[in-house]
Amino acid sequence: MKKQPKRWKISVLTWIAIYPTLTLLFGLFGDIFNRIEPMPLRTLVITLIVVPFMVFLLMPFLFKKLSKWLES
C-alpha cells in the first residue's frame with residue numbers, strides 16, 4: 001500500500017493547480033463572468049467549470065507528474 005502524501009504537499013499541489021487555472025479563466029472570460037449577477041451565481045458558474053477540470057484532468061496529471069515528490 002502506498003504511503004499517503006503529506007497534507008501540506010496536497011495543499012501546495014492544489015494551489016499549483018487552482019491559481020493558474022483561475023488566472024487563465026479570468027484572463028480569457030473575465031468580462032463575461034463580471035456580467036453574471038448576482039455574485040453567488042457568478043461563483044456557481046466559475047466553480048462548475050473549475051472543479052470538474054481540477055478533479056478529472058489537472059489533479060490526476062499533476063499527481064502523476066509529481067508522484068515522486070508527493071511520496072517523499
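For every residue, the table says whether it meets (1) in contact (Cβ under 8 Å) with a residue 60 or more places away in the chain; (2) within 24 Å of Gln4 (Cβ to Cβ); (3) not polar (S, T, N, Q).
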residue: Trp15; (1), (2), (3): no, yes, yes
residue: Leu25; (1), (2), (3): no, no, yes
residue: Gly30; (1), (2), (3): no, no, yes
residue: Phe33; (1), (2), (3): no, no, yes
residue: Leu44; (1), (2), (3): no, no, yes
residue: Val55; (1), (2), (3): no, yes, yes
residue: Met59; (1), (2), (3): no, yes, yes
residue: Leu62; (1), (2), (3): no, yes, yes
residue: Leu70; (1), (2), (3): yes, yes, yes
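Considering only the range 30-72, how many residues are among the aromatic types (Phe, Trp, Tyr) and in contact with a Ser or Thr (Cβ under 7 Å, 6 or more places away or on another chain)?
Of the residues in that region, 1 qualify.
Coordinate-derived values only; no laboratory data. Keep in mind the model is a prediction, meaning the values are calculated, not measured. Positions of Cβ are backbone-derived with ideal geometry, glycine not excepted, and every protein chain shown enters the neighbour counts.
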